[in-house]
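K.L.:
Dumping the structure here so I can ask a few things about it.
The values are calculated or read from the model by the stated rules, or taken from the named source; none is laboratory data. All values derive from a computational prediction rather than experimental measurement. Every residue, glycine as well, gets a Cβ built from its backbone with ideal geometry; the counts of neighbours run over all protein chains shown.
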Amino acid sequence: MGVSIAVAVGVYGVSFGALAVAAGLSVGQAVVLSMLMFTGGSQFAFIGVISGGGTLAAATTAASLLGIRNAVYGVQLNALLRPRAALKPVMAQLTIDESTATALSQPDRAESRRGFWTAGVGVWVMWNLFTLLGALLGSQIGDPAAFGLDGAAVAAFLGLLWPRLKGRDAGAIAVASAFVTLVAVPFVPAGIPIIIAAAVSGALAVAQHRRKP
């Protein structure tokens, strides 16, 4: 299962590479960002802010807020897999939605470890190979606005988000965050609305969690 996930998810990296170059990053910057940040939602949020004229600080903050979920995953995986201390930095880098889901869906600890590493390493390799391909192709396109790529980062981010909107709670948070973003756009600099929306969504998620028995 980990291999199939790696292929399916990794191929999507081509869009990130092309959009990153369209947002103004060089091929090298796009590849290094993908290798080090390595979490799709945060990467698309980062270039979405940059392409919208936001500052580096705003883009980094937005990406960091969206990456908080990986820290939660890390706590779960640490308890489940009980890795050696030497492996924890590597596992932290590979802790994403797909590797976590693969590990948690296995029937025993040995299979969970195998699933985590297969999905984590596989997605990392495939994602970064296709990021490079997308960046190389994107650098040959020319003016991104002429092809509509200046707004494509937003569409790509929504494509990642949509499958995760399961249940009324998630839908309500998404609607509230979208509303806050629309209200904030005319009044604050580029990149700040997504930070405000992330803060609102986090607060709502905490409030919903506390209401549950």
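K.L.:
Taking into account only those residues within the stretch 103-133 that are surrounded by 18 or more Cβ atoms within 10 Å (Cβ to Cβ) and aliphatic (A, V, I, L, M), which is nearest to ALA20 (Cα to Cα)?
P.N.:
Per the criteria, the residue is LEU132.
K.L.:
If I filter the stretch 80-101 for residues that are modelled with pLDDT under 85 and more than 12 Å from the chain's Cα centre (by Cα), do I get at least one hit?
P.N.:
Yes - at least one qualifying residue is present in the stretch 80-101.
K.L.:
Any chance the stretch 27-49 includes a residue that's touching a Pro at 6+ places or on another chain (Cβ under 6 Å), touching a residue at least 24 places away in the same chain (Cβ under 8 Å) and assigned by TED's automatic domain parsing to the domain that holds ALA101?
P.N.:
As a first pass, look at the stretch 27-49 and keep what is touching a Pro at 6+ places or on another chain (Cβ under 6 Å): none.
Looking for residues that are touching a Pro at 6+ places or on another chain (Cβ under 6 Å), touching a residue at least 24 places away in the same chain (Cβ under 8 Å) and assigned by TED's automatic domain parsing to the domain that holds ALA101, one finds none in the stretch 27-49, hence no.
K.L.:
Continuing with this model, one more query. Please determine whether any residue of the stretch 31-48 is over 23 Å from THR95 (Cα atoms) and modelled with pLDDT under 85.
P.N.:
Taking the stretch 31-48 and keeping what is over 23 Å from THR95 (Cα atoms), we get none.
No; the residues of the stretch 31-48 include none that is over 23 Å from THR95 (Cα atoms) and modelled with pLDDT under 85.
K.L.:
Go through PHE16, PHE46 for me and flag whichever is part of a helix (DSSP H, G or I), aromatic (Phe, Trp, Tyr) and more than 15 Å from GLY138 (Cβ to Cβ). Before the answer, list the steps.
P.N.:
Numbers: PHE16 fails: more than 15 Å from GLY138 (Cβ to Cβ).
Every option except PHE46 fails the conditions.
K.L.:
Over 22 Å from GLY122 (Cα atoms), within 16 Å of the chain's Cα centre (by Cα) and among the small types (Gly, Ala, Ser) - does that describe any residue in the stretch 35-51?
P.N.:
First, the residues of the stretch 35-51 that are over 22 Å from GLY122 (Cα atoms): 45-51.
Now drop any that are not within 16 Å of the chain's Cα centre (by Cα), which leaves 45-50.
Those left that are additionally among the small types (Gly, Ala, Ser): 45, 48.
Yes, some residue in the stretch 35-51 is over 22 Å from GLY122 (Cα atoms), within 16 Å of the chain's Cα centre (by Cα) and among the small types (Gly, Ala, Ser).
K.L.:
Within the stretch 14-29, count every residue that is within 17 Å of the chain's Cα centre (by Cα) and either more than 11 Å from LEU132 (Cα to Cα) or among the acidic types (Asp, Glu) (or both).
P.N.:
Count: 2.
K.L.:
Show me the helices (runs of 4 or more DSSP H) found entirely inside the stretch 54-113 where at least 2 residues are more than 30 Å from PRO189 (Cα to Cα) and either among the aliphatic types (A, V, I, L, M) or free of Cβ contacts under 8 Å to residues at least 12 places away in the same chain (or both).
P.N.:
Values: elements: 56-66, 68-81, 88-94, 97-104.
The qualifying helices (runs of 4 or more DSSP H) are 68-81, 88-94, 97-104.
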